[in-house]
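The values are calculated or read from the model by the stated rules, or taken from the named source; none is laboratory data. Model, not experiment: these values are computed from the prediction. Counting neighbours? That spans all protein chains shown, and the Cβs are built from the backbone with ideal geometry, glycine included.
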Amino acid sequence: MSTLQPKGDAELKIQGKTVRLPLVEGSEGELGLDIARLRSETGAITLDPGYVNTGSCSSSVTYIDGERGILRYRGYAIDELAEKSSFLETSYLLIYGKLPARRELEVFVDQITRHSMIHEDMKRFFNGYPATAHPMSILSSMVCSLSSYYPDCMHNSPENRELNIYRILSKISTIAAFSYKKSIGQPFVGPLNRLGYVDNFLNMMFAVPAESYEINPKASRALEMILVLHADHEQNCSTSTVRIVGSSLANLYACVSAGICALWGPLHGGANQAVIEMLADIEREGIDVAKFVARVKDKDSNTRLMGFGHRVYKNFDPRAKILKQACDDLLGQLGIRSRQLEIAKQLEDAALKDDYFIERKLYPNVDFYSGIILRALGIPLNMFTVMFAIGRLPGWIAQWREMLSSPGLKINRPRQIYTGPNLRTYVPIEQRV
Ligand code: ACO
């Protein structure tokens, strides 16, 4: 793993005082200004709401060049991994930093396969939720509850850490599938260790005791690829949440549960559900695509083109390109004609030609086409963000693990600029107006 390289220093003049702050450089030439001494030397802090321009850590997991539309996990291009790698191999790569040798992968897969069941008592939790419960709420609380069943997660030895990594990677898909079964009133279908990770998930989701269920290899491959594409995305909202919670040395299940909650929002992972809802509205109400684009541009309409725009990508999100092609391929193979896919393509064409989107560098992101594939696979709408969470889990784990093994780990604690009242004297209630 390469570390930050010193790159000279920068001179900063604040209220007449000049300070020199070190510059550091990453392995792809990104420059950072190390402001750790800024406050002690000048009294000033940096102010960056939304962390638009703040690096919270150095990391060797994932590289994004948003201007050029590049995404790499541990140095490997996302399109190559999407085509050639499996979800568990990619998970290994993210977590341990290298592509596994055959034997290493076998051991890893075996460990994950062995931990797929959940404690029988936990199955009863599902009965406590109303049938209408959103699977993300079930997933986040169930994942946090795992810490009650595996209290060794509180003792952060390297062995415990690895064991709990296997457990959570495996059990998340069982919990996700059970939450779906609960929501439709079908019996849980337990994990089958003879199946691969994705096939096992599809079986737990769609098999029923009354008849046999055939896994379609094309569907399985498409889902595998979706999981690979979602597996990490450096310091996004949910990953930063996992790191922040982890920096207090909270256990892995608590950290991931917090990450799942952060992912749920419609500006983050919840966008995949919001995209399909938007396409469904356009389809149902027969809205003209040009009119919809005009509505999105009208700030008073409070409408966004969901699945478009990204904090980091100011060019095509490379995942969206892969997913658009995969959408065409899968729907063709399954013989599905999707009006929503047609609308999505029309929206994309219209937006990419429109000055509003061109000026703001708004392009389709990962969520724009993923929902159409998930829908074709029979995954219900309210499970879309759960699929994102399953996919993102290895990234959260890799970033958490990296943080814990970084020298000089500090609890994450941003500062603020206070704008409230100055000192006031307490007024007894009878004297207040
Ligand atoms: N539709 C219409 N206008 C948009 C959109 C959009 N999808 N996205 C951004 N804009 C506009 C904003 O209104 C703003 O315009 P202004 O400069 O005239 O005020 C400008 O583009 C910049 O937008 P910000 O919201 O400041 O950009 P930010 O980097 O903070 O937000 C975000 C990024 C949240 C992804 C935003 O583009 C968005 O809301 N997109 C739709 C939701 C979505 O698809 N989220 C998934 C993101 S990917 C992921 O998390 C997995």
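Things to note:
- Scanning the range 186-201 for residues that are farther than 13 Å from residue 174 by Cβ and in a helix (DSSP H, G or I) yields 198, 199.
- Number of residues in the range 64-93 that are in a helix (DSSP H, G or I) and either touching a Gly at 6+ places or on another chain (Cβ under 6 Å) or at positive phi (or both): the value is 0.
- Pairs with Cβ under 9 Å, 6+ apart, first in the range 416-428 and under 30 Å from residue 49 (Cβ atoms), second assigned to a loop (DSSP other than H, G, I, E, B): 416/45; 416/47; 417/45; 417/47
- Test: residue in the range 141-163 that is aliphatic (A, V, I, L, M) and within 23 Å of residue 225 (Cα to Cα): no
- Of everything in the range 296-310 that is small (Gly, Ala, Ser) and surrounded by 16 or more Cβ atoms within 10 Å (Cβ to Cβ), the residue that is farthest from the ligand (Cβ to nearest atom) is 307.
- Residue 405 being more than 11 Å from the ligand (Cβ to nearest atom) and small (Gly, Ala, Ser): yes
- Qualifying residue in the range 255-276 (condition: within 30 Å of residue 335 (Cβ to Cβ) and polar (S, T, N, Q)): yes
- Filter pass, residue 223 being more than 21 Å from the chain's Cα centre (by Cα) and either part of a loop (DSSP other than H, G, I, E, B) or buried (at least 23 other Cβ atoms within 10 Å of the Cβ) (or both): no
- Within the range 335-364, tally of residues that are over 22 Å from residue 294 (Cβ atoms), of a type outside the set (Lys, Arg) and surrounded by fewer than 15 Cβ atoms within 10 Å (Cβ to Cβ): 2
- Pairs with Cβ under 9 Å, 6+ apart, first in the range 352-377 and under 19 Å from residue 323 (Cβ atoms), second among the hydroxyl-bearing types (Ser, Thr, Tyr) and at pLDDT below 90: 372/338; 375/338; 376/338
- Filter result for residue 260 (assigned to a helix (DSSP H, G or I) and either touching a strand residue (DSSP E or B) at 6+ places or on another chain (Cβ under 8 Å) or closer than 21 Å to residue 379 by Cβ (or both)): yes
- Residues that are more than 30 Å from residue 160 (Cβ to Cβ), in contact (Cβ under 8 Å) with a residue 60 or more places away in the chain and of a type in the set (D, E, K, R) within the range 238-288 comprise 277, 283, listed in sequence order.
- Filtered by the rule that a residue be surrounded by 20 or more Cβ atoms within 10 Å (Cβ to Cβ) and in contact with a helix residue (DSSP H, G or I) (Cβ under 6 Å, 6 or more places away or on another chain), the range 203-219 gives 204, 205.
- Hits in the range 324-342 (condition: polar (S, T, N, Q) and either under 23 Å from the mean Cα position of the chain (by Cα) or near the ligand (Cβ under 10 Å from one of its atoms) (or both)): 325
- Options 321, 353, 314, 345: the member that is at pLDDT 90 or above and within 12 Å of the ligand (Cβ to nearest atom): 314
- Residue 367 vs. criteria acidic (Asp, Glu), within 14 Å of the ligand (Cβ to nearest atom) and exposed (fewer than 15 other Cβ atoms within 10 Å of the Cβ): no
- Subset tally (residues that are charged (D, E, K, R) and within 16 Å of the ligand (Cβ to nearest atom)) for the range 244-289: 2
- Per the conditions (1) in a helix (DSSP H, G or I); (2) surrounded by fewer than 24 Cβ atoms within 10 Å (Cβ to Cβ); (3) among the hydrophobic types (A, V, I, L, M, F, W, C), the sole criterion not satisfied by residue 249 is (1).
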